[in-house]
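Reading through the structure tokens given below for one structure.
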Amino acid sequence: MFGTVKMQMNESIRLSIASLVEYGKRYDHWAIAWSGGKDSSALVTFVIWLIETKQVPAPKSLTILYSDTRLELTPLYLAARSMMEEISEHGYTVTEVMSPMEKRFMCYILGRGVPPPSNTFRWCTGQMKVAPMETALQELYDSTREKILMLTGVRQGESAARDGRIVQSCSKDGAECGQGWFQTSLSTDICDTLAPLLHWRVCHVWEWLKHWAP
């Protein structure tokens with residue numbers, strides 16, 4: 001937009017590092033929600049790079065939770081499998097999470113006769129991604145009994161509805177959009193959430209994946 005200075009790649013990276021250093025040191029155990037899409041793939045590779053180059057202090061454990069919906073296009077699925085192998089070679093844990101058979105997409109539609117998801121009846125995301133991820137997080141929490149820092153690849157500009165939620169939440173707990181979207185929960189909950197790439201433009205995501213991450 002005319003008269004607006006767009007954030008450059010190096011500045012986006014600097015702010016992301018600052019947010020991870022600030023909030024990451026408060027937690028011994030981190031988890032990353034990985035769907036296999038561009039944003040979460042950028043987050044996974046970015047965090048591992050920062051740890052291995054010692055730009056952020058390494059947590060005691062880093063668990064990458066890969067959400068397998070059994071609906072990915074074959075090339076995307078194979079790309080995710082290739083990334084898993086490389087992540088494991090670097091010594092990090094990748095845990096695959098998926099919904100039980102009776103709650104998967106085709107079983108739910110053909111077996112129970114539930115209508116396909118729509119803009120007004122979007123049952124698939126919560127059932128096939130969120131719920132299995134929460135189960136895996138609970139198991140991780142049970143093994144450590146310490147609150148986890150959950151990292152997500154949420155960005156501004158992904159959708160108008162999501163941006164609306166971000167605007168409502170970005171001032172919570174004193175966080176600023178430029179420093180990453182940090183949300184704390186009750187002390188009895190199992191995790192707090194940080195979106196280190198919140199301010200990245202889509203061109204920064206593709207630049208990272210095409211030229212930096214490899």
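Looking at region 101-148, which of the residues that are closer than 30 Å to Ile48 by Cα and at pLDDT below 70 is most open to solvent (accessible area, probe 1.4 Å)?
Only one residue tops the list, namely Thr125.
Looking at Val56, Val21, Val47, which one is under 19 Å from His199 (Cα atoms), within 19 Å of the chain's Cα centre (by Cα), free of Cβ contacts under 8 Å to residues at least 40 places away in the same chain and assigned to a helix (DSSP H, G or I)?
Val21
Can you spot a residue in region 75-95 that is at pLDDT below 85 and surrounded by 10 or more Cβ atoms within 10 Å (Cβ to Cβ)?
Among the residues of region 75-95, not one is at pLDDT below 85 and surrounded by 10 or more Cβ atoms within 10 Å (Cβ to Cβ), which makes the answer no.
Can Ala33 be described as outside any helix (DSSP H, G or I), of a type in the set (Gly, Ala, Ser) and more than 19 Å from Arg155 (Cβ to Cβ)?
The answer is no for Ala33.
Please specify each residue of region 171-214 satisfying the condition of being assigned to a helix (DSSP H, G or I), farther than 13 Å from Ser12 by Cα and modelled with pLDDT under 90.
Of everything in region 171-214, those that are assigned to a helix (DSSP H, G or I), farther than 13 Å from Ser12 by Cα and modelled with pLDDT under 90 turn out to be Lys172, Asp173, Gly174, Trp212.
Which one is surrounded by the fewest Cβ atoms within 10 Å (Cβ to Cβ) among residues in region 59-74 that are part of a strand (DSSP E or B) and hydroxyl-bearing (Ser, Thr, Tyr)?
Step by step, filter region 59-74, then rank; the result is Ser61.
The values are calculated or read from the model by the stated rules, or taken from the named source; none is laboratory data. Source: prediction; values computed, not measured. Don't worry about glycine lacking a Cβ; one is built from the backbone with ideal geometry, like all the others, and counts go over all protein chains shown. Keep in mind that these areas ignore ligands, DNA and RNA; they rest on the heavy atoms of the full protein, side chains included. Shrake-Rupley method; radii C 1.70, N 1.55, O 1.52, S 1.80 Å.
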